[in-house]
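> Before anything else, here's the structure in question.
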Amino acid sequence: MTGGAAVAELARRLAAQRPAVVDVDELVALIEATGVHDRAAAQRYGLPGVFALAEAVLAHLRQESGGTARAPAAPSRPEPARRYAARALARCLLFLAPALPVAAAVTAGPAEQLRWPAVAGLLGLGWAGAQALGYLGRVTAARRGPGPATRLLAAGYAALLALWWLLAAAAPAALLGPQRLPGQLIGAAALAGLSAATAAAVTGSHAAVLAATAPSAALAAAASAGALPGRWPVPVALLACAAVPVLVAYRPAGRPAAGPGGRLRGRDLGRGALHLAAGLGQALAVVLLWRSVAGPPPAPWALGGPGWLLAIGPALLAVPLVELLVGWYTARMAAALDGYDVRADFRRHARRLALHVVALLLPGLCTGVVLAAAGYRLPYHLDAHPQVRAGALALAGGVLLGVGFGLVRLLAARRRPGVAAVVAAAPFVLSLGAHHAAPAGWVACAAPCLPGLATPLPLAVGALFAACLIGLAATGYVLYDHRGHR
């Protein structure tokens with residue numbers, strides 16, 4: 001079946017997938033998602049490329065609808081707020097669950113079971129891998145179904161777990177902790193929880209996986225409160241509890257593929273690598289602020305006191321707000337793609353939404369600036385107290401870190417992983433460049449695991465602020481540009 005008959009068949013399949021009359025750009029995205037590119041368009045449909053095929057499909061759809069187009073004045077109704085709000089909250093809870101084993105291990109006994117370099121390495125390995133595997137899993141699920149997607153995630157996380165086990169086995173005890181095996185088990189429990197969260201996000205099984213994480217949360221809370229006897233059973237028990245959500249999340253792994261085509265290509269792997277770089281940049285920004293707040297530890301490799309919660313707390317509170325913003329923006333853009341049939345109307349709608357998103361991000365940026373300035377302009381000479389100034393700067397850094405998370409998340413949702421990777425790595429790179437005059441400063445930023453070498457807190461806050469300015473400009477431009485919306 002070639003030529004007009006093949007185009008009609010493709011139009012019928014796409015109409016069943018997306019009943020509304022769509023724009024050519026979105027048709028191109030839908031056609032490419034089925035595995036059809038320029039060469040396949042020429043071989044199967046006798047057309048020079050995917051855009052020509054999309055034009056032919058759109059003409060066929062209009063012909064079947066009587067040659068009439070919808071009124072362009074109003075878009076279709078967006079997704080109800082309660083749906084994407086519930087999805088955003090579930091996503092936040094799922095991706096915070098892997099932190100429970102580490103938090104329980106740190107507070108379970110009088111001595112720390114994990115040193116801070118091990119926590120930093122686990123954060124970078126797990127979050128970067130989750131970003132890359134999550135993107136590849138979503139692509140595979142869209143093309144071949146949830147079965148191949150969950151099998152891909154299982155293979156990827158098995159490789160991450162093996163890598164962590166090897167790194168923990170080869171690392172000196174001073175980097176990992178007083179005992180090697182508990183550190184390996186704690187990392188395995190955290191990666192297992194992250195694996196379940198990624199699989200739930202790909203397959204949409206948020207509720208079932210969240211219910212399965214209840215035993216892990218209860219055990220972590222009991223271990224943090226000191227209600228469990230001894231320290232050694234804690235990692236083993238956490239790993240056993242983490243296995244429950246993994247089994248729930250990977251239930252679709254036995255399903256067959258939806259079709260023979262649609263496998264990952266080089267372009268998909270390249271974009272997955274960009275997502276990995278974005279996740280690694282976010283982890284580096286967290287470690288940069290964390291160690292700047294903690295400062296040079298009194299004992300080598302100490303995890304630091306509870307003061308770093310002033311910085312991490314606002315960033316954690318920003319995560320659900322970011323997810324709500326992304327859900328709101330995505331729902332409005334999806335409604336506009338379905339509702340507007342005239343390109344000029346859709347362009348105006350996309351640019352108006354971009355201005356709204358930038359306006360919603362500006363208060364966070366201004367709050368970070370005000371808090372940083374307050375550290376040096378407090379009344380009653382409080383700014384002369386080093387702990388008060390450090391607390392104000394830590395709060396400012398946490399707020400700016402949360403704004404950075406939002407910018408990276410919006411760029412990733414807008415299918416700009418390369419720009420997201422640049423924005424995510426900007427705080428670390430800028431802090432590295434600020435030390436160019438002192439060779440020891442390069443070592444302090446390039447190897448932050450060395451004892452006694454930590455980036456000064458004002459410099460870290462300044463790097464975060466400059467990165468937010470760069471990211472806000474890049475995000476505003478990307479969102480304002482209507483051409484990439486599909």
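Since every read-out is calculated from the coordinates, none of them should be taken as a lab result. Bear in mind the structure is a predicted one, so any value in this text is a computation, not a measurement. Neighbour counts are summed over all protein chains in view; Cβ atoms, including those assigned to glycine, are modelled from backbone coordinates with ideal geometry.
> Highest mean first, how do 408-421, 208-221, 345-358 rank when packing is the count of other Cβ atoms within 10 Å averaged over residues? Mind dumping the intermediate values first?
Numbers: 408-421: 22.4, 208-221: 19.1, 345-358: 17.1.
The packing order, highest mean first, is 408-421, 208-221, 345-358.
> Roughly how large, in nm² to one decimal, is the mean projection of the convex hull of the alpha-carbon atoms in region 116-182?
Values: hull surface 18.3 nm².
Computing the convex hull of the Cα atoms and averaging its projections yields 4.6 nm².
> How would you rank 175-188, 390-403, highest first, on the average number of other Cβ atoms within 10 Å across their residues? Numbers along the way, then the final one.
On the way: 175-188: 21.6, 390-403: 26.1.
Ranking the peptides 175-188, 390-403 by packing returns 390-403, 175-188.
> Next question. Would you tally the net charge around LEU325, using a Cβ to Cβ cut-off of less than 12 Å, leaving LEU325 out, and scoring K and R as +1, D and E as -1?
The answer is +1.
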